[in-house]
Amino acid sequence: MTRDVLLTCPLDCPDACRLKITVEQGADGLERMVKVTGDPDHPITKGFACAKTVHYPARANHPERPLYPLRRVGKKTDAEPQFERVTWDEALDDIAARLKALLDTRGPQSILRYHYAGTMGLMEGHHAHTLWRALGTPELEETICASAGTAAWSLGYGTRYGLPLHDVQHAKLIVLWGINSLSTNSHLTPHMTAARKNGARIICVDPYRNRTAAYADQHLKIKPGTDAALALGIMRELFLNGWTDSNYIAEATTGIEELREAAQDWTPERTADTTGLSVEEVREFARAIGTTRPTYIRVGYGMTRHEHGGNNLRAVTLLPALTGDWRHKGGGCALSSSGTFKLNRKHLGGAHLVRPGSPSVNMVELANALEPAAGLGALVVYNTNPAVVAPESDRVRAGLQRDDLLVVVLEQAMTETARLADYVLPATTFAEHADLYTSYGHHYLGYNPATLPAPGECRPNTWVFQELGKRLGMTEPTLYWTAEDLMTDLLDTDHPFLKGITPERLKAEGSVPLDLPADFLPFANGAETPSGKVQLSPAPRHREAQAQLNEAFPVRLVTPPAHHFLNSTYGLLDNLNRAEGNEPQVLVHPHDAQQYHLQDSQYATLQSEYGSVQRRVKITDATHPGTAVLEGTWWGLSAPDGKSINTLTAQTLTDLGGGSTFHNTRIRMTPVIPLRKIDGASNLFFRTE
Ligand SMILES: Nc1nc2c(c(=O)[nH]1)N[C@H]1C(S)=C(S)[C@@H](COP(=O)(O)OP(=O)(O)OC[C@H]3O[C@@H](n4cnc5c(=O)[nH]c(N)nc54)[C@H](O)[C@@H]3O)O[C@H]1N2
Ligand SMILES: Nc1nc2c(c(=O)[nH]1)N[C@H]1C(S)=C(S)[C@@H](COP(=O)(O)OP(=O)(O)OC[C@H]3O[C@@H](n4cnc5c(=O)[nH]c(N)nc54)[C@H](O)[C@@H]3O)O[C@H]1N2
Ligand code: SF4
Ligand SMILES: [Mo]
């Protein structure tokens with residue numbers, strides 16, 4: 001017997017799709033999900049789910065999914081971890097006692113919560129932090145993804161607003177700048193295709209020919225980390241040719257003279273030299289932006305994952321403030337639509353409990369935080385997989401393996417982080433718990449009831465933290481809220497964007513559009529900044545990376561998302577690993593292959609300042625000389641050497657927002673000769689030439 005249910009996708013993706021999920025009753029009488037597609041009636045989802053989430057049932061029903069609380073019995077350094085099943089009471093009593101001992105002897109600063117956006121749910125992703133804030137443990141600076149972009153955007157524009165997706169069809173020029181949208185924002189594609197039918201041209205600015213570059217009419221293959229130079233070069237042409245909107249600049253911006261001055265030295269020749277583009281490409285790109293209204297620029301986070309990523313994004317996103325595109329329906333720029341969700345966040349995640357001046361840890365610097373000298377006694381991980389996704393993986397793993405550190409991991413999968421835990425606590429999926437969802441790509445608020453029974457003894461994060469809270473004597477009422485309590489509080493606001501959205505309506509309709517003005521042109525007359533204007537000062541600058549390429553590390557490695565993965569969420573599914581080529585591959589330009597003696601399909605050692613990995617080489621002119629690309633944060637278990645690509649990446653922080661710099665890594669590549677291969681084993685043995 002099957003039935004269909006509609007639920008919002010919880011994953012860290014701008015599309016926040018409304019999914020049509022077929023559930024079937026098993027022999028045990030319990031319902032499970034068996035098929036996922038998109039809700040055909042949802043205006044954004046339009047009936048399709050992406051190439052990855054159609055496989056969600058395989059991860060929800062995975063034979064290795066943890067279904068019961070597990071306690072480590074073997075050593076953390078064992079190659080195959082060993083756990084024993086324990087009851088929830090045993091696990092929670094012991095964890096609570098150990099946290100209590102730490103609180104009493106070493107204080108709250110000895111305990112760190114570590115999480116990210118494995119679920120975007122406001123309950124299980126955000127409100128789950130309440131216990132830790134009530135206890136006064138250090139704040140976690142959530143910097144691994146969006147913080148450089150957010151900081152850069154907020155300097156210029158204040159709030160993150162994006163235009164409604166259905167307005168994109170009005171654009172006559174679409175620029176996809178540092179975003180592989182066909183993979184990472186796939187529900188934008190129908191709107192771009194509609195615009196193209198209306199005569200729009202599509203240009204992609206990216207260091208390599210990804211799916212999006214292939215879809216675009218033109219690909220500008222920029223050198224990584226040089227976007228500010230390109231944007232300043234375009235600005236110079238805009239000023240010189242009178243392609244600026246002087247009314248908009250006068251009425252809606254401040255700081256124009258400073259920006260004009262910053263741009264004035266960026267001649268097409270200098271811009272071309274810095275960015276690796278031709279003079280002609282620079283001129284033509286500037287002309288296209290300067291003379292096409294409306295121009296819609298969709299920026300991704302790619303350009304922010306560099307040392308000067310904040311300046312890069314700031315420079316690019318200020319272009320529509322010069323052309324006045326913000327006044328044209330379908331024009332302007334989009335990074336995220338998060339700011340549109342004007343919820344009452346006063347109590348979300350215990351925000352009201354944060355103590356002024358409380359210590360904080362930047363999540364990018366986890367490797368440092370796990371050093372014994374940093375004083376942590378316990379790490380509680382949920383909604384993230386740091387053994388794979390955080391920089392300097394070798395040190396992160398060594399830290400997680402410390403015998404004197406209590407590591408508790410709440411998980412839906414036996415990730416490499418879970419495999420290093422003292423306790424693995426089985427977590428529910430989005431179909432098994434109630435939650436609310438905003439979106440960073442559109443304007444619909446979503447609600448999912450708990451729809452399927454939790455398999456085994458899986459529990460929501462908030463349930464686990466409430467149980468720990470009780471054992472620790474915590475009386476903070478918001479800690480014990482249900483998703484419904486939270487929803488009622490979040491919707492307790494008079495903001496016009498939320499007019500008419502009540503908990504009852506959200507529960508009845510499941511996905512509800514915000515009440516935005518029919519013509520939503522959020523920056524047409526200024527911005528939500530201290531001056532009320534779009535702030536062009538301080539003018540963005542181009543700066544060379546400190547981690548400059550040199551003889552020892554002559555190649556820049558970029559590690560963007562893979563089409564069939566969602567960060568590391570689907571890394572356990574063999575079919576999706578196969579769809580990505582079975583194992584991670586490094587894309588190398590023929591010129592570099594020749595220079596470093598690499599052969600197609602053979603292995604190379606990739607060495608950075610922080611570690612080394614071995615990867616199969618794919619020679620392709622998709623990238624350019626001096627830039628190598630490796631798509632996807634694969635599980636180390638799927639790599640020939642068992643290591644994550646983040647073995648190579650640095651904890652270096654961005655210029656603005658203290659963000660991650662995953663696309664900034666300098667490496668050298670040397671060939672490897674396989675000594676012996678054991679069939680079926682994940683470890684191959686290699687000798688480096
Ligand atoms: N299929 C899929 N979808 C995803 C994800 C996934 O893993 N897989 N992850 C989700 C998450 S968490 C996020 S944050 C988003 C991220 O989605 P995006 O914003 O698309 O991803 P980025 O890593 O920011 O990289 C985007 C592009 O920027 C390019 N890039 C790198 N450096 C530079 C540069 O200096 N300048 C320019 N112009 N481009 C550069 C990369 O080559 C890449 O093609 O996607 C979400 N959606
Ligand atoms: N080299 C390199 N590294 C990167 C990136 C890159 O582009 N290159 N991208 C970075 C970016 S943008 C991001 S956002 C991070 C993302 O990295 P992560 O935050 O680690 O995201 P995922 O890898 O998707 O892992 C999320 C985990 O949360 C778990 N989870 C999901 N829902 C729940 C729940 O309800 N409860 C519990 N307890 N667990 C749940 C999932 O099972 C999954 O294992 O990776 C970063 N790392
Ligand atoms: S991962 Fe993104 S595109 Fe895929 S179903 Fe979820 S929200 Fe939609
Ligand atoms: Mo992200």
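The values are calculated or read from the model by the stated rules, or taken from the named source; none is laboratory data. No experiment lies behind these values; they were computed from the predicted model shown. Cβ: placed from backbone, ideal geometry, glycine included. Neighbour counts: every protein chain shown.
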Quiz prompt | Inter-residue pairs, beta-carbon under 6 Å, first over 30 Å from ALA315 (Cα atoms) and modelled with pLDDT under 95 and in region 130-152, second of a type in the set (D, E, K, R) and within 13 Å of ligand 1 (Cβ to nearest atom), 6+ apart | solution = none
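Confirm whether PRO224 is more than 24 Å from ASN362 (Cα to Cα) and buried (at least 19 other Cβ atoms within 10 Å of the Cβ).
On the way: more than 24 Å from ASN362 (Cα to Cα): yes; buried (at least 19 other Cβ atoms within 10 Å of the Cβ): yes.
Yes.
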Self-check item: Where a residue in region 464-476 is of a type in the set (Ser, Thr, Tyr) and its partner, wherever it lies, is in a helix (DSSP H, G or I), with Cβ under 9 Å and at least six apart
Solution: THR475/ALA134; THR475/GLY469
Quiz item: Which residue out of THR438, THR482 is in contact (Cβ under 8 Å) with a residue 24 or more places away in the chain, under 23 Å from MET123 (Cβ atoms) and exposed (fewer than 15 other Cβ atoms within 10 Å of the Cβ)?
Solution: THR482
Quiz prompt | Among (1) away from ligand 2 (no atom under 16 Å from the Cβ); (2) outside any loop (DSSP other than H, G, I, E, B), the one test that SER183 misses | solution = (1)
Quiz item: Got at least one residue in region 221-241 being at pLDDT 95 or above, within 16 Å of ligand 2 (Cβ to nearest atom) and closer than 14 Å to ALA315 by Cα?
Solution: yes
Quiz item: Are any residues in region 291-315 surrounded by fewer than 24 Cβ atoms within 10 Å (Cβ to Cβ) and in a helix (DSSP H, G or I), and if so, which ones?
Solution: THR291
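Table: residues versus (1) within 16 Å of ligand 2 (Cβ to nearest atom); (2) touching a residue at least 60 places away in the same chain (Cβ under 8 Å); (3) closer than 24 Å to LEU103 by Cβ; (4) assigned by TED's automatic domain parsing to the domain that holds CYS17.
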position: PRO359; (1), (2), (3), (4): no, yes, yes, no
position: GLU371; (1), (2), (3), (4): no, no, yes, no
position: ALA390; (1), (2), (3), (4): yes, yes, no, no
position: LEU405; (1), (2), (3), (4): no, no, yes, no
position: GLU416; (1), (2), (3), (4): yes, yes, no, no
position: VAL424; (1), (2), (3), (4): yes, yes, yes, no
position: HIS442; (1), (2), (3), (4): no, yes, no, no
Exercise. Could you please find all residues in region 372-388 being in contact with a helix residue (DSSP H, G or I) (Cβ under 7 Å, 6 or more places away or on another chain) and away from ligand 3 (no atom under 16 Å from the Cβ)?
Key: ALA374, GLY375, LEU376, GLY377, ALA378, TYR382, PRO386, ALA387, VAL388
Quiz item: Across region 134-159, what is the total count of residues that are more than 16 Å from ligand 2 (Cβ to nearest atom), on the phi < 0 side of the Ramachandran plot and surrounded by fewer than 24 Cβ atoms within 10 Å (Cβ to Cβ)?
Solution: 7
Quiz prompt | Of residues in region 1-51 being of a type in the set (Gly, Ala, Ser) and under 24 Å from HIS166 (Cβ atoms), the one farthest from ligand 2 (Cβ to nearest atom) | solution = GLY47
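Each row is one residue, and each column tells you yes or no for (1) among the hydroxyl-bearing types (Ser, Thr, Tyr); (2) in the same structural domain as TYR570 (by TED's automatic domain parsing); (3) touching a residue at least 24 places away in the same chain (Cβ under 8 Å).
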{"residue": "LYS46", "(1), (2), (3)": "no, no, yes"}
{"residue": "VAL54", "(1), (2), (3)": "no, no, no"}
{"residue": "ARG65", "(1), (2), (3)": "no, no, yes"}
{"residue": "GLY74", "(1), (2), (3)": "no, no, no"}
{"residue": "THR77", "(1), (2), (3)": "yes, no, yes"}
{"residue": "GLU84", "(1), (2), (3)": "no, no, no"}
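Would you confirm whether any residue within region 216-225 is in a helix (DSSP H, G or I) and either touching a residue at least 40 places away in the same chain (Cβ under 8 Å) or within 31 Å of the chain's Cα centre (by Cα) (or both)?
Let us first name the residues in region 216-225 that are in a helix (DSSP H, G or I), namely none.
No: zero hits.
Could you go through region 600-607 and let me know if any residue there is touching a residue at least 12 places away in the same chain (Cβ under 8 Å), small (Gly, Ala, Ser), closer than 28 Å to PRO63 by Cβ and not assigned by TED's automatic domain parsing to the domain that holds VAL54.
Step one: list which residues in region 600-607 are touching a residue at least 12 places away in the same chain (Cβ under 8 Å), which gives 600-607.
Those still in the list that are small (Gly, Ala, Ser) too: 601, 604.
From what's left, closer than 28 Å to PRO63 by Cβ: none.
The answer is no; no qualifying residue exists.
Give, as residue ranges, the strands (runs of 3 or more DSSP E) completely inside region 384-464 that count at least 2 residues that are over 23 Å from the mean Cα position of the chain (by Cα). It would help to see each step written out before you state the result.
Details: elements: 406-411, 423-426, 435-437, 444-448.
Per the criteria, 406-411, 423-426.
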Self-check item: The lone exception for PHE497 - which of (1) without any contact (Cβ under 8 Å) to a residue 24 or more places away in the chain; (2) over 22 Å from the mean Cα position of the chain (by Cα); (3) not in a loop (DSSP other than H, G, I, E, B) it fails
Solution: (1)
Exercise. Could you list, in sequence order, all residues of region 1-50 that are more than 14 Å from SER439 (Cβ to Cβ) and within 16 Å of ligand 4 (Cβ to nearest atom)?
Key: CYS50
Practice problem: Filter region 231-280 for residues that are of a type in the set (Asp, Glu), surrounded by 20 or more Cβ atoms within 10 Å (Cβ to Cβ) and either in contact with a strand residue (DSSP E or B) (Cβ under 8 Å, 6 or more places away or on another chain) or not in a helix (DSSP H, G or I) (or both) and give the result. | Solution: ASP245
Quiz item: Give me the pairs: first residue in region 158-186 and at pLDDT below 95, second residue assigned to a loop (DSSP other than H, G, I, E, B) and within 13 Å of ligand 1 (Cβ to nearest atom), beta-carbon distance under 9 Å, and six or more apart or on different chains, which are they?
Solution: GLY162/PRO14; GLY162/LEU335; GLY162/SER336; GLY162/TYR440; GLY162/GLY441
Quiz item: Cβ-Cβ below 8 Å, separation at least six or inter-chain, first residue in region 640-653 and not assigned by TED's automatic domain parsing to the domain that holds PRO386 and among the charged types (D, E, K, R), second within 16 Å of ligand 3 (Cβ to nearest atom) and part of a loop (DSSP other than H, G, I, E, B): which pairs?
Solution: none
Quiz prompt | Residue count for region 291-315, restricted to those that are more than 20 Å from GLY156 (Cα to Cα), of a type outside the set (S, T, N, Q) and in contact with a Phe, Trp or Tyr (Cβ under 8 Å, 6 or more places away or on another chain) | solution = 0
Exercise. Taking LYS76 as meeting all but one of (1) closer than 22 Å to PRO426 by Cβ; (2) in contact with a helix residue (DSSP H, G or I) (Cβ under 8 Å, 6 or more places away or on another chain); (3) at pLDDT 95 or above; (4) more than 16 Å from ligand 2 (Cβ to nearest atom), write down the number of the exception.
Key: (3)
